[in-house]
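Please treat every number below as a calculation from the coordinates, not as lab data. From a predicted model like this one, the values you see are computed outputs, not experimental measurements. Don't worry about glycine lacking a Cβ; one is built from the backbone with ideal geometry, like all the others, and counts go over all protein chains shown.
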Amino acid sequence: MPLTDKVAIVTGASRGIGAAIVQTLAERGATVIASAHAADPPDAFVARLQARELHVHGRIADVTEPEQVQDLADWTREQFGRIDVLVNNAGIGAVAPTETLSLDRWSSVLAVNLTGPMLCSQAVGRHMLQAGGGVIINIGSIFGETGMPMRAAYAASKHGLVGLTRVLAVEWASRGVRVVTVEPAYVSTGLDEQDQKDGGYSPDDIIGRTPLGRYVEPREIAATVAFLASDEASFITGTTIAVDGGWLAHGGW
């Protein structure tokens, strides 16, 4: 499923899932703009991919800041003439008892995980709609379909992302833009390490709860994103794709 001549923007691209998506799209021929927050710039990662002669470019943008998001979209369009793919990957977690969850933490999670994808979809979507085509892929979570104690902010943001996906998909389908959510299960990243400390669980707990008996790997999520970004997925829109090793199907303990 080559992505030659496609131009993609990936947010939250410095590490983890985002970095895997950038690398996979670039390896399949896309020109990729790896965007990240100024506190976690993508420069070193981008330099490694450029050394392999992959078409990757780094940009700084805070997805919660409308001006920075619009600049990211406009710069990409001006530099490369088009935007074919947007991957809304930037996200943060929060594990805390709901009765003590602060308003600041609640607001921060929703700002990055839900308002960010909305702002990026608006800014990039305007260029896609004008061009008559494009694909927006939102990186959600199994907690967009289910819940767990102490995940009020995170689950609310991911449930909201599914709703946003469905609305944009049906609103923009007739104008050539597809919108899909990918819902990973647990990935072994720095975010999960922090959640383990806050939530009091271990890798063994995750492995034991997952029917396939392991964490999902970033490359597996990236491969799903690459398929959805390709012309092979031209009739897929408005839906969620779980990359969860059977987590959501499992109703036992």
- line: Residues 115, 98, 239 in order from fewest to most other beta-carbon atoms within 10 Å are 98, 239, 115
- request: Considering the options 88, 186, 106, tell which one lies farthest towards the positive end of the dipole of region 65-243, charges being +1 on Lys and Arg and -1 on Asp and Glu at the Cβ, about the Cα centre.
  value: 88
message: Can you compute the charge dipole magnitude of the chain about its Cα centre, using +1 on each Lys and Arg Cβ and -1 on each Asp and Glu Cβ, nothing else charged? Give it in debye, rounded to the nearest 20.
response: 400
message: What distance in nm lies between label points placed 7 Å from Cα along the C-beta direction at residue 194 and residue 79?
response: 2.7
message: Using the crude model of +1 on Lys and Arg Cβ and -1 on Asp and Glu Cβ, and no other charge, please compute the dipole size for region 107-209 relative to its Cα centre, in debye to 20.
response: 540
- request: In a Gaussian network model over the chain where Cα atoms closer than 10 Å are linked, find which of 23, 50, 130 has the largest mean-square fluctuation.
  value: 130
query: Near residue 226, within a Cβ-to-Cβ distance under 12 Å, what is the net charge of the other residues, with Lys and Arg +1 and Asp and Glu -1?
result: -1
Selected from 100, 189, 165 as most flexible by GNM, with the chain as the system and alpha-carbon contacts under 10 Å: 100
- prompt: Which length gain, in nm to one decimal place, applies between residue 99 and residue 232 when the Cα-Cα distance is subtracted from 0.36 nm times their residue separation?
  reply: 43.3 nm
query: Over region 198-253, what relative contact order in percent results from Cα pairs under 8 Å that are six or more residues apart?
result: 45
field: Estimated FRET transfer efficiency (residue 65, residue 170; beta-carbon r; R0 30 Å; 0.05)
entry: 0.60
task: Multiply the residue gap between residue 44 and residue 130 by 0.36 nm, knock off their C-alpha separation, and tell me the result in nm, one decimal place.
output: 27.6 nm
- prompt: Given +1 on the Cβ of Lys and Arg, -1 on the Cβ of Asp and Glu, and no further charges, what dipole in debye does region 1-110 carry about its Cα centre, rounded to the nearest 20?
  reply: 420
message: From the helices alone, meaning DSSP H stretches of at least four residues, give me the mean residue ellipticity at 222 nm for the chain, per-run term -39500 (n - 2.57), in deg cm²/dmol to the nearest 500.
response: -13500 deg cm²/dmol
message: Can you sort 136, 236 from fewest to most other Cβ atoms within 10 Å of each residue's own Cβ?
response: 236, 136
- request: Just subtract the alpha-carbon distance of residue 201 and residue 217 from 0.36 nm times their residue separation and send over the number in nm, one decimal.
  value: 3.9 nm
- prompt: Among 150, 1, which comes first, second and so on when ranked by fewest other beta-carbon atoms within 10 Å?
  reply: 1, 150
- prompt: In percent, what relative contact order does the chain have, based on Cα pairs under 8 Å that are 6 or more apart in sequence?
  reply: 20
